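Reading through the structure tokens given below for one structure.
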Amino acid sequence: MTTTTDLESYEDALAAYDPVMGLEVHVELGTHTKMFCGCSTTLGADPNTQTCPVCLGLPGALPVVNATGVESAIKIGLALNCEIAEWCRFARKNYFYPDMPKNFQTSQYDEPIAFNGYLDVQLEDGETFRVEIERAHMEEDTGKSTHVGGATGRIHGASHSLLDYNRAGIPLIEIVTKPIVGAGERAPEVARAYVRELRELIRALGVSEARMEMGQMRCDVNLSLMPKGADKFGTRSETKNVNSLRSVERAARFEIQRHAAVLNGGGTIIQETRHFHEDTGSTTSGRVKEEAEDYRYFPEPDLVPVAPSREWVEELRAGLPELPLVRRNRLREEWGVSGTDMQAILNAGALDLIVATIDAGADAASARKWWMGELARSANESGKALDELAITAEQVARVTALVASGDLNDKLARQVIEGVLAGEGTPDEVVDKRGLKVVSDEGALTAAVDEAIAGNPGVADKIRGGKVAAAGALVGAVMKATRGQADAARVKELILQKLGVGEG
Amino acid sequence: MTDIIKLTAAETAAKIASGELTAVAVTEAHLARIEAVDEKVHAFLHVDREGALAQARAVDEKRERGEKLGPLAGVPLALKDIFTTEGIPTTVGSKILEGWIPPYDATLTQRLKAADVVILGKTNMDEFAMGSSTENSAYGPTGNPWDLTRIPGGSGGGSSAALASYQAPLAIGTDTGGSIRQPAAVTGTVGVKPTYGAVSRYGMVAFSSSLDQGGPCARTVLDAALLHEVIAGHDPMDSTSIDAPVPPVVEAARNGSVAGMRVGVVKQFRGEGYQAGVIQRFDESVELLRELGAEIVELDCPSFDLALSAYYLIAPSECSSNLARFDGLRYGMRTGDDGGHSAEEVTSLTREAGFGDEVKRRIMLGTYALSSGYYDAYYGSAQKVRTLIKQDFDTAFEQVDVIVSPTTPTTAFPIGERADDPMAMYLADLCTIPTNLAGNAAMSLPCGLAPEDNLPVGLQIIAPVMKDDRLYKVGAAVEAAFVEKWGHPLLEEAPSL
């Protein structure tokens, strides 16, 4: 495990080779019940409390297909521009493993529910890359093994293993791309963009929360290199369970460099499973397949074929929501922001929050400003995601309304938001409790301005002499005196007026 | 006492309903019979004395309260040990499930309980229903009540022997390649394999999912029909269960007739390997049908010759996958868990020690047939044969209403005779297998004793999919004619135990 892997430099690797990628993504559907039984799918329950004879594979138990699972699979297929099978079957994938109660996985083999599609993904610079989809098929998840007593947490060297079958039977959709060729040096970026786009799409369809950190979406990165100009694919490695966007990119990059080093050294790539390590960004060899695994697939005799009617498929197609890429392009145009800014909004997970804030009455610029500024900072500091902050889109919209009406200035608005986040109540309650209102009483303001001029004769003279920029110091003094509750622009106006200087 | 155990299920139910007998008395009589003879017969693997009496008491209390009783309320039944029973051991005749107490009832078990049928216990069977003699049970063979040195058929030999020895008037079997019908034939009882999908498989431990079908076993055609009606019907827990009304089997059994019916005789169901006495009784049965007003039609079903080969690819293939779950990790026996073996080794040791030879043979056959490079030649070809057999049946049923044949080529053979010759054993299912492959319905009922050995011969009646009622209509007519001819039911000629 501690042996270091030889790596070619990324640039040299790409100068000599073209990478070919295949991405296999497993998505856990957000159905209330499992794929073949009525057990709950809620995460976080005590081990083995969400099980029944069916998902435990007890003798005699039989599966029944979850109709919502099939519907979700069709929606995903349609959103990926796939053809939907008129008739397809489940198949048994036979292999022994303790976390699989029946010692076969109910999956689909040569008759997937959806096939032959594509997904357009947008790269950082706004360029679009089309990823061809081979198939999307339905299957069930396995249970979870925890290997105890070994050094690595893997089964090898463990003294015993704990099995939790709560996850066994949760519906999975496996989405497999066709070989991705032609991405060149951008291959790792394409991989990342593809997984991100797929995640957005899954969420937009409402079929899963697709949270990679919760294992609801898992990615296998298959990668091979072929010499530039060649058209025969090289031998691939299969890096399993790469579970964040960043890791997908890093894993692809690492494998490109590793393959290139092996090939340049005259070696051959072994077809094998590899594990990705988040800490080092490297991969290590998993089990070497001495012989090709023979899963002895055959049609699942306990289930009847799935034959979605064309009417139903069309109904589902008509009901698809606006897809993420289309929506993003529309919003970008509506808001008039750059591709880079839009990317930043996406990366921050702010898109839906901004849209909701606009829907609640805020103007687009303000909604963007607060979520990407003050709130993003706050989230960053507390290590939370934006949507985990204790403030709603409606409340942010209310704050922008108070600013627009002149009741708050930006500084006060920040305090209001701080109060809401601290649990002091709604924006209006925070305004009341903290007494945060712009001082609009001209008499009080004029008095404060006079006081500031009197207290800073030197500065006043400079302003009178034409150095308008020096007014900032006097504005600061007035704001201090009014505990920030004055409208700074109005204060500046009054100061210049008093000193007989026109702005310009 | 003797009288009670010789009653039919219909008679027993009537006497309980009228108050002439209590369900407890009926159950006690059968428990006493089990006590008296089952040491010799070995039909039961587990007798649930307390449970049976509690169920019987509940029936009597219902009657006392004036509640309406179902048509089989209080009638005892022997349940094949392949259906799960909550709190009662279920072994499927295998060591690998020794000690397993299922936490749930099969749908069939639930329906029996809901109908107030009294479950006496669980009956012996070939391990995982693989066999035609019950010799493959891990718990020892069952004797045929006609001659305890002979086999009672299989895999459901425990159920057929329980009926033939008056330990129960009703029993449940399962039929993957003949496991209800062949035991019925060799014990002089009645057994029905309903249309595939008619009786729920939920809670029935799978051997070959696309072939397995539970069904009723009894001593009379009417009793089988009454039981059929209780256990059949759509079950949302079984995706392959047919969502349609149960054919009117009881009505058919009460109105037996073959007048004007077209009855087919398939030329492939005779020839080499058929015992002379079996053919003789079969030919007499065909003559009887003609006398009763049926038109006899000769049929040619060439693909039936391929049925046995196709069956021995499909059934092992499915079983190799179905039996993979028995790995010693979650239930049943576990071998090698001594700290010195990995989970993989424990699984391997458990399966090595827990499965018998026939089960291992079929797992290996099936694993081979499904493996990459062989799938098309074996499993794929077998599925094509299956389609051909269906087509042969379809063509046949355009010409006839039912088909008849011998149920099995020979009478009961001696225990041990074919134990080491799997091919000879497989031939016992020659006439029954086509029906499993096509999914339609069939019955076996007694048609006499073979002159050469005085052992029962079975007549098989085959009907199209979901025309199970035709089996009972024809079966009841044939049964009545034979009983009239013999002067008594065939079983009366069995030696007393």
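Quick note: the coordinates plus some simple rules give every number you see, no bench work behind them. The model shown is predicted, which means the values in this text are computed figures rather than measured ones. Every residue, glycine among them, receives a Cβ derived from its backbone with ideal geometry; neighbour counts consider all protein chains shown.
Points worth noting:
- Taking amide H atoms as placed 1.01 Å from N in the peptide plane, the amide H of B:Phe44 lies under 5 Å from those of B:Asn124, each 5 or more residues away in sequence or on another chain.
- Helix A:442-455 and the long axis of chain A differ in direction by around 80°, with both axes built from C-alpha atoms.
- Each of A:Thr284, A:Thr400 has some number of other Cβ atoms within 10 Å of its Cβ, and from fewest to most they run A:Thr284, A:Thr400.
- Annotation: the residues B:Asp243, A:Asp12, A:Asp18, B:Asp453, sorted from fewest to most other C-beta atoms within 10 Å of their own C-beta, follow the order B:Asp243, A:Asp12, B:Asp453, A:Asp18.
- Within-11-Å neighbourhood charge of A:Ala413 [Cβ basis; K, R +1; D, E -1]: 0
- Helix A:488-498 axis, angle to chain A major axis (alpha carbon atoms, nearest 10°): 20 degrees
- Kyte-Doolittle at least 0.0, axis length at least 18 Å by Cα - qualifying DSSP helices, chain B: B:23-41, B:307-322
- Per the Debye formula on identical point scatterers at the alpha carbon atoms of the stretch A:348-434, with no solvent, log10 I(q)/I(0) at q = 0.11, 0.14, 0.22, 0.26 Å⁻¹ is -0.24, -0.40, -1.04, -1.44.
- Radius, Kirkwood style, for the stretch B:421-497 when every pair of distinct Cα atoms is counted (Å): 14.3 Å
- Among B:133-139, B:165-171, A:156-162, B:435-441, the peptide with the highest mean count of other Cβ atoms within 10 Å heads the list, and the full ranking is B:165-171, B:435-441, B:133-139, A:156-162.
- Dimensions in Å of the stretch A:442-498 - Rg and Dmax from alpha carbons: 10.0, 29
- Too-long pairs where the Cα-Cα distance tops 28 Å, listed order kept, from B:Lys122/B:Lys193; B:Lys6/B:Lys95; A:Lys75/B:Lys384; B:Lys62/B:Lys122; A:Lys93/B:Lys384: B:Lys6/B:Lys95; A:Lys75/B:Lys384
- Close amide H contacts of A:Met226 (hydrogens built in the peptide plane, cut-off under 5 Å, sequence separation of 5 or more or a different chain): A:Asp18, A:Val20, A:Gly234.
- With respect to chain A, whose longest principal axis is taken over its alpha-carbon atoms, helix A:393-404 is tilted by about 20°.
- Average partner coverage of A:293-299, which counts Cβ from other chains inside 10 Å: 6
- For the peptides B:155-162, B:209-216, A:221-228, residues were scored by their other Cβ atoms within 10 Å and the scores averaged per peptide; the highest-first order is B:155-162, B:209-216, A:221-228.
- Going from the fewest other Cβ atoms within 10 Å to the most, the residues A:Arg296, A:Arg464 appear in the order A:Arg464, A:Arg296.
- Sparsely packed loop sites in the stretch B:260-346 (the GluC sites (Glu not before Pro) outside DSSP H, G, I, E and B with at most 10 other Cβ atoms within 10 Å) comprise B:Glu272.
- Modelled this way, with points 7 Å down the Cα-to-C-beta line, the labels at A:Glu209 and A:Glu24 are 2.7 nm from one another.
- As a calculated quantity, the FRET efficiency between B:Ile101 and A:Lys144 at R0 = 25 Å, using C-beta atoms, amounts to about 0.40.
- Quarter of the Cα convex hull surface for the protein assembly as shown, i.e. its orientation-mean projected area (nm²): 54.0 nm²
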